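Take a look at the structure set out below.
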Amino acid sequence: MNIEPRTLNTEHRISGHIPVRSPEFGVSFLGFELSPGVNYNLRVTDEFASPIDASTRICAVYGFPVKHSASPAMQNAGIAALGLNWRYIAGEVAPENLRTAIEGAKAMRFVGLNLTVPHKLVAVDFVDAFDDSVKMWGAVNTIRIEGRDKSGAWLPIHQFAEVPPDKIRAQGFNTDAEAITRSLREDLGIELAGARVLLLGAGGAGRVAALKLASENVGELFLVNRTHSKASAVAAEIRRRHLNVKIQVGYPRGEVDLCINATSIGLSPNDPLPVDNKQFSLRQAHAVYDMIYRPAETQFLQTAKAGGSRIANGLGMLLYQGAKALEIWSGQPAPIAIMREALVKEVYRPN
Ligand code: ATR
């Protein structure tokens, strides 16, 4: 089945193309401005979506800013393919309104929420329950709205079509960390256990990637960051939590199985490489991953490809964090191919 996403609404005040990296870890994107004006570019696979009616339920991504988020295009394609009478929108929610906006989603019985920059850390205080993934990563990027039934069980709110729940809560999840390793495995075919990995960047995305790689028992992890102290702090955290992983701050000698760019270098066309050529050649890396996915091939990836490395960009991270969120809300396997196709069309469409 070949689904062709169509633009339903004309696009108002789309504010140009901005480079984007990582699955809504770092720089955030696009969307739907609830106030003061309407500013949306909701794209859905309309030929398969049920019409909006009184039973239509809403999912949303909250960010600030939220313009350029590709999540509505990706999620509406997935929702339509699953035959759900839901729509996914983007809300520009200022940080001081986040608590109210989450409470509003509960009151309106939204199916669920995604959160992007700058809401992921602070939202930990605004949800009523946590999945283990939030305890592990200390951040919330997905919320499921749940209702309590007569027996006291908490169920997804969309299951309460007839009898209303006794009580409603927001449960927080984190689908970002898992998406990193899923993308590395599926897009690069990497076997992480025992691998030698060079990770560039120790900011928010770099720290989560380092911890997640350590939890997957990589053999050796080398951390490099412009600000040395941040890489040292992440290395110290890993030494405390993952005793088996050999971790060093600095470039490796010899070959590595994988080199990852988790810095923001490469978002601008004239950026230098995020790696110091004198200390490490990308030819030493069998596989190279850039969390930046727009442009699709940064100079970093082009250089790696020219040197013979396998390459992939961070689009898979965005895809898999969103696919997992849809699974958490719907209880069904996400239609990955359809979501990927919609995402690619949205992210790489000409301005
Ligand atoms: P995110 O949450 O998206 O990871 P971040 O926490 O601001 O964003 O991290 C950005 C990363 O890119 C950091 O590793 C940063 O290095 P510093 O920790 O030294 O700031 C790195 N970075 C950004 N601009 C850079 C530059 N011009 N040169 C080298 N590294 C840079």
Calculated FRET value between residue 153 and residue 236, using beta carbons and R₀ = 56 Å, to 0.05: 0.85
Once you have all Cα-Cα distances for the stretch 51-128, histogram them in 10 Å bins from zero and send the whole-percent values. 18, 50, 28, 4
Provide the convex hull volume over Cα atoms per residue for the stretch 218-351, in Å³. 153 Å³
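For residue 302 and residue 108, what does the FRET efficiency come to when R0 = 45 Å and r is the distance between their Cβ atoms, rounded to the nearest 0.05?
0.45
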List the equivalent ellipsoid semi-axes of the stretch 136-232 in whole Å, largest first, each obtained as the square root of 5λ for an eigenvalue λ of the Cα gyration tensor. 39, 15, 10
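Considering the convex hull of the alpha carbon atoms of the stretch 105-189, report its projected area averaged over all viewing directions, in nm², one decimal.
Spelled out: convex hull of the Cα atoms, projected over all directions, averaged, 6.8 nm².
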Of the listed peptides 63-72, 99-108, what is their order by residue-averaged count of other C-beta atoms within 10 Å, with the highest listed first? 63-72, 99-108
By the mean-Cβ-within-10 Å protection proxy, highest first, 326-332, 191-197 rank as 326-332, 191-197
Go through the stretch 139-150 residue by residue and turn each phi into a ³J(HN,Hα) via Karplus (6.51, -1.76, 1.60, θ = phi - 60°); whole Hz please, and just put x for glycine and proline. 8, 10, 10, 9, 10, 10, 7, 10, x, 9, 8, 4
Residues of type lysines that residue 324 reaches as a straight line, Cα spacing below 19 Å, ignoring anything fewer than 8 places off in the same chain: 120, 135, 212
Apply the membrane-span-like helix rule to the chain: whole DSSP H runs, Cα extent along the own long axis of at least 18 Å, mean Kyte-Doolittle hydropathy at least 0.5. List the helices found. 315-330
Summing -39500 (n - 2.57) over the DSSP H runs of n ≥ 4 in the chain and dividing by its residue number, what mean residue ellipticity at 222 nm do you reach, to the nearest 500 deg cm²/dmol? -9000 deg cm²/dmol
Taking 0.36 nm per residue of separation between residue 278 and residue 227 and subtracting their Cα-Cα distance, the length gained on full extension comes to 16.5 nm
With 10 Å bins from zero, work out the P(r) of the stretch 179-219 over every alpha carbon pair and list the percent per bin. 30, 62, 8
Sort all Cα-Cα distances of the stretch 292-337 into consecutive 5 angstrom bins from zero, then give the percent of pairs in each bin up to the one containing the longest distance. 5, 21, 20, 15, 12, 12, 9, 5, 1
Can you give me the distance in nm between label points at residue 136 and residue 220, each placed 7 Å from the Cα along the Cα-to-Cβ direction? 2.7 nm
Return, for the Cα atoms of the chain, the radius of gyration and Dmax in Å, separated by a comma. 20.4, 67
Point-to-point label distance, residue 332-residue 100, nm (Cα→Cβ direction, 7 Å offset): 3.6 nm
Candidate lysines for bridging to residue 167, where Cα separation is under 18 Å - those fewer than 8 sequence places away on the same chain excluded: 106, 150
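Where a number appears in this text, it was derived from the coordinates with a stated rule and is not lab data. Keep in mind it's a predicted model, so treat the numbers as computed, not measured. For neighbour counting, all protein chains shown are included, and Cβ atoms are generated from backbone atoms with ideal geometry for every residue, glycine included.
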